[in-house]
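For reference, the structure discussed in these notes is given below.
The values are calculated or read from the model by the stated rules, or taken from the named source; none is laboratory data. From a predicted model like this one, the values you see are computed outputs, not experimental measurements. Positions of Cβ are backbone-derived with ideal geometry, glycine not excepted, and every protein chain shown enters the neighbour counts. Keep in mind that these areas ignore ligands, DNA and RNA; they rest on the heavy atoms of the full protein, side chains included. Shrake-Rupley method; radii C 1.70, N 1.55, O 1.52, S 1.80 Å.
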Amino acid sequence: MKIETIAVHAGNMNNDSSGAVVQPLVTSTTFKRAEDGGYASGYIYSRSSNPNRTALENVLTKLEGGADATAFSSGNAAGMAVFQSLKPGSHVIAPDDMYHGLRNQLRNLFADILTFDFIDVNDLAILDDYINPHTALIWLETPSNPLLKVTDIKNVADIAKKRKIKVVVDNTFATPICQQPLSLGADLVMHSTTKYLGGHSDVMGGALICKEKDEWWQKIRQVQEYGGAIPSPHDCYMLVRSIKTLPYRMRGHVSNALLLAQYLEAQPQVERVLYPGLYSHPQYDIAKHQMLSFGGMLSFCVKGDADDAKKVINALKLFTQATSLGGVESLIEHRYSVEGPDSKTPKNLLRVSVGLENIEDLIEDISLAINTL
Ligand SMILES: *Cc1c(COP(=O)(O)O)cnc(C)c1O
């Protein structure tokens, strides 16, 4: 089946007698035993599993071409499950521009349990240098947040496989519509489903999708069940509902983002635009090769300093100044202010989550705002 068909159908696993066409919402925390004391339905207690979560995990598995999926209450909870699944003393290699929330998680919660290095994972010589006998995991995030750096997943996976190191890809920016990391050699895909998969800025969630149901995966399943950072049935229901339109929403995000990136690149008030679909992007060739389409996120640097960047934000009417991404409405954010003083993000950079408004309205709004510079 093609991805649009999977998106519409794989979240419906309903087999009740009502004839409901969509997966009904099951809020019951507990499920009835049969006369022999067994659980004929397969459901026992909602922390272990729930019909709406199973439906969500099924559609996520199929979208990423994986073997299984686990859903969590946030993207960070999904990341946490990965780190908790590692043996104490394991070494983790992660990008130097890793999503700051997960970088802070490693630094603040895992400093006594794991060792880690944040490096430029695009430089394979550096990557090779940092691998040691305890290295258990290489974490990738491509395109990255907010610099939109693109990492060649296959190259990294080839190096990792030789050393029996697992590769995880945070696929939040790309979504399975724009990039399929498992087919490029990754072992695990991570999502903040809060973003494009939810798509309407009204659900928090996270997910992991595996290529193989191996021993490591069983441990991750245990972290989900015993750790208990699970999404509610209602959140799962909302996500399944949103995912049905994901392929079509992504087409709109991608086409608007490319047009906005091209427009911005031609403006004298703009120093540079970071978007994997532009020829000027330093890893355009890798992106073209490994992505199915270039995604809906872009960043641009205005000519000037942080104050000039903020001036542009304040002159915008249609773009909302807010964090997060992937919703139908366009959002803009001064990332340096969010990430704090140890951030590598340029102070004149603005990150844009390009929404599904008409592109002519978006361009008109941004052109008025940059003309105030
Ligand atoms: C938002 C985000 C996360 C964290 O997800 P939450 O749902 O906020 O916990 C992780 N990685 C990336 C790339 C993100 O954008």
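Observations
- Cross-chain or 6+ apart pairs with Cβ under 7 Å, the range 60-75 first and in the same structural domain as Leu239 (by TED's automatic domain parsing), then among the acidic types (Asp, Glu) and in a loop (DSSP other than H, G, I, E, B): Ala67/Glu212
- Hits in the range 111-140 - residues which are crowded, with 16+ Cβ neighbours inside 10 Å and part of a loop (DSSP other than H, G, I, E, B): Leu114, Val121, Asn122, Ile131
- Verdict on Ala69 being over 30 Å from His134 (Cα atoms), of a type in the set (A, V, I, L, M) and surrounded by 21 or more Cβ atoms within 10 Å (Cβ to Cβ): no
- Among the residues of the range 181-202, just one is within 16 Å of the ligand (Cβ to nearest atom), open to solvent by 10 Å² or more (accessible area, probe 1.4 Å) and in contact with a strand residue (DSSP E or B) (Cβ under 6 Å, 6 or more places away or on another chain), namely Ser192.
- Residues in the range 203-228 that are without any contact (Cβ under 8 Å) to a residue 60 or more places away in the chain and within 16 Å of the ligand (Cβ to nearest atom): Val203 alone.
- Residues within the range 80-117 that are more than 14 Å from the ligand (Cβ to nearest atom) and modelled with pLDDT of 95 or more, tallied: 20
Here is a yes/no grid of residues against (1) of a type outside the set (S, T, N, Q); (2) farther than 25 Å from Phe294 by Cβ:
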{"site": "His134", "(1), (2)": "yes, yes"}
{"site": "Val150", "(1), (2)": "yes, no"}
{"site": "Phe173", "(1), (2)": "yes, no"}
{"site": "Gln179", "(1), (2)": "no, no"}
{"site": "Asp187", "(1), (2)": "yes, no"}
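- Test: Ala55 is in contact with a Lys or Arg (Cβ under 7 Å, 6 or more places away or on another chain), under 22 Å from Met1 (Cβ atoms) and either open to solvent by 40 Å² or more (accessible area, probe 1.4 Å) or not basic (Lys, Arg) (or both): no
- Taken together, the residues in the range 78-91 that are in contact with a helix residue (DSSP H, G or I) (Cβ under 8 Å, 6 or more places away or on another chain) and assigned to a helix (DSSP H, G or I) amount to 6.
- Close pairs from the range 116-145: first more than 16 Å from Asp158 (Cα to Cα) and acidic (Asp, Glu), partner within 16 Å of the ligand (Cβ to nearest atom) and assigned to a helix (DSSP H, G or I), Cβ under 9 Å, at least 6 apart: Glu141/Leu102
- The lone exception for Ala77 - which of (1) surrounded by fewer than 20 Cβ atoms within 10 Å (Cβ to Cβ); (2) within 15 Å of the ligand (Cβ to nearest atom) it fails: (1)
- For Pro24, the stated conditions do not hold, so it cannot be described as of a type outside the set (D, E, K, R), open to solvent by less than 40 Å² (accessible area, probe 1.4 Å), under 30 Å from Cys178 (Cβ atoms) and in the same structural domain as Gly228 (by TED's automatic domain parsing).
- Only strands (runs of 3 or more DSSP E) whose full extent lies in the range 263-344 are considered here, and the ones with at least 3 residues that are crowded, with 17+ Cβ neighbours inside 10 Å and in contact with a helix residue (DSSP H, G or I) (Cβ under 6 Å, 6 or more places away or on another chain) are 297-302.
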